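Enquirer: I'd like to ask you about the structure that follows.
The values are calculated or read from the model by the stated rules, or taken from the named source; none is laboratory data. Small disclaimer: the values here were computed from a predicted structure and weren't measured. Methodologically, a virtual Cβ is constructed for each residue, glycine included, from the backbone with ideal geometry; neighbour enumeration extends over all protein chains shown.
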Amino acid sequence: MNKFVTILLALFLASCSMLDSKSAEVTFHIPELPEEMQQLEVSGYRVVVTTVNKHNEFTTKGKSFKTSVPVSGITSVLAYPMGSWGTLKPAGFIVHGNLKSHNYMTWDDGFAAECTAFSLASGAGSENFNFTLFKQKLLEKSDGNPWILNRDKIIYALSFGIFNMNYIKKAESHTLNLPFPGTGTWYSGTPGCIQKFEQAGGYINELSITEGENVFVNPTTGEGITIYADRLTWICISGTTGGLSGYW
């Protein structure tokens, strides 16, 4: 009798394991770029799908795509718009008990999904974590622009399972006066919370730079500039002005 019960228990656990590892092919929809960026020519989207210790990356040209996603557990889905001007910050979606046949990504969730992707890649991923509150607090504490937050601190806390709201801090920021090619209006490469910068005499003055990667685009001319910054230095790269660098 005990042997029979043992066999039944083994079969039950095996069936549970099969259910846990089950995947479904579903559709994700990428949101439209905001009106100010509609003129940008998007050549495609770099899609990154991350689960615990699993990573899948591909490129799509359409506004929607199908991919296989586990029906349970946590999955981060990101879509980065790409073009000759560079790569914008991504739209995002965090799968956590909310998977449907059609899933709609948002620009607002891009930062939270990117932080989640890095923590999942490290092997962390608590299913008890409140992702809805996480996304809400990121937006609240950044005044709607989570890309100004210190991403490294948040990823560190998520990866070690010690995250609390005290880890949501703004990243260090700096200002630059830089020559920008062409004329007209430039925008930050964050579709969910774009900032507008006007040129004056070929320069943009008091340009706000957050430590990390900063992208700026001119939808009218199709040009882009990428600025990498850390605590001590900055590097500016563009196809027109070439490379510029300096210290704070």
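Enquirer: Yes or no: region 144-154 includes at least one residue that is out of contact with any Lys or Arg (no Cβ under 9 Å at 6 or more places or on another chain), buried (at least 22 other Cβ atoms within 10 Å of the Cβ), over 26 Å from Gly222 (Cβ atoms) and not assigned by TED's automatic domain parsing to the domain that holds Val215. Step through it out loud before you land on a result.
Expert: Within region 144-154, the first condition is being out of contact with any Lys or Arg (no Cβ under 9 Å at 6 or more places or on another chain), and the residues that meet it are 144-145, 151-152.
Filter again for buried (at least 22 other Cβ atoms within 10 Å of the Cβ), leaving none.
Scanning region 144-154 turns up no residue that is out of contact with any Lys or Arg (no Cβ under 9 Å at 6 or more places or on another chain), buried (at least 22 other Cβ atoms within 10 Å of the Cβ), over 26 Å from Gly222 (Cβ atoms) and not assigned by TED's automatic domain parsing to the domain that holds Val215.
Enquirer: Also, quick follow-up: Hey, can you tell me all the residues within region 200-217 that are in a loop (DSSP other than H, G, I, E, B) and either within 13 Å of Gly189 (Cα to Cα) or in contact with an Asp or Glu (Cβ under 6 Å, 6 or more places away or on another chain) (or both)?
Expert: Hit for region 200-217 is Glu211, nothing else.
Enquirer: Under 6 Å between Cβ atoms, which residue pairs at least 6 apart in sequence (or on different chains) link something in region 162-189 that is surrounded by 14 or more Cβ atoms within 10 Å (Cβ to Cβ) with a partner that is in a loop (DSSP other than H, G, I, E, B) and of a type in the set (Asp, Glu)?
Expert: As it stands, the answer is Ala171/Glu211; Glu172/Glu211, since those pairs meet every condition given.
Enquirer: Turning to a different aspect of this structure: Does region 191-210 contain any residue that is outside the structural domain of Asn145 (by TED's automatic domain parsing) and within 15 Å of Gly83 (Cα to Cα)? Can you show your working first?
Expert: Start the filter on region 191-210 by keeping residues that are outside the structural domain of Asn145 (by TED's automatic domain parsing), which leaves 191-210.
This time we only want the ones that are within 15 Å of Gly83 (Cα to Cα), so: 191.
Yes; the residues of region 191-210 include at least one that is outside the structural domain of Asn145 (by TED's automatic domain parsing) and within 15 Å of Gly83 (Cα to Cα).
Enquirer: Right, another one. Can Glu223 be described as of a type in the set (D, E, K, R) and over 21 Å from the mean Cα position of the chain (by Cα)?
Expert: On the way: of a type in the set (D, E, K, R): yes; over 21 Å from the mean Cα position of the chain (by Cα): yes.
Taking the combined requirement at face value, the residue satisfies it.
Enquirer: Now for a separate question. List the pairs whose first member sits in region 197-219 and is surrounded by 18 or more Cβ atoms within 10 Å (Cβ to Cβ) and of a type in the set (D, E, K, R), whose second member is in a strand (DSSP E or B) and at pLDDT 85 or above, and whose Cβ atoms are under 6 Å apart, counting only residues at least 6 apart or on separate chains?
Expert: As it stands, the answer is Glu211/Ala229, since those pairs meet every condition given.
Enquirer: For region 100-141, which positions are part of a helix (DSSP H, G or I), touching a helix residue (DSSP H, G or I) at 6+ places or on another chain (Cβ under 8 Å) and polar (S, T, N, Q)?
Expert: Listed by number, the residues that qualify are Thr116, Ser119.
Enquirer: Here's another thing I want to ask about it. Residues in region 192-221 that are at positive phi and modelled with pLDDT of 90 or more: how many?
Expert: Total satisfying the criteria: 1.
Enquirer: If you don't mind, there's one more thing I want to ask. Report, ordered by the first and then the second residue, all pairs with beta carbons closer than 8 Å, sequence separation of six or more or different chains, a first member in region 121-137 that is more than 18 Å from Pro70 (Cβ to Cβ), and a second member that is exposed (fewer than 15 other Cβ atoms within 10 Å of the Cβ) and aliphatic (A, V, I, L, M).
Expert: As it stands, the answer is Lys137/Met165, since those pairs meet every condition given.
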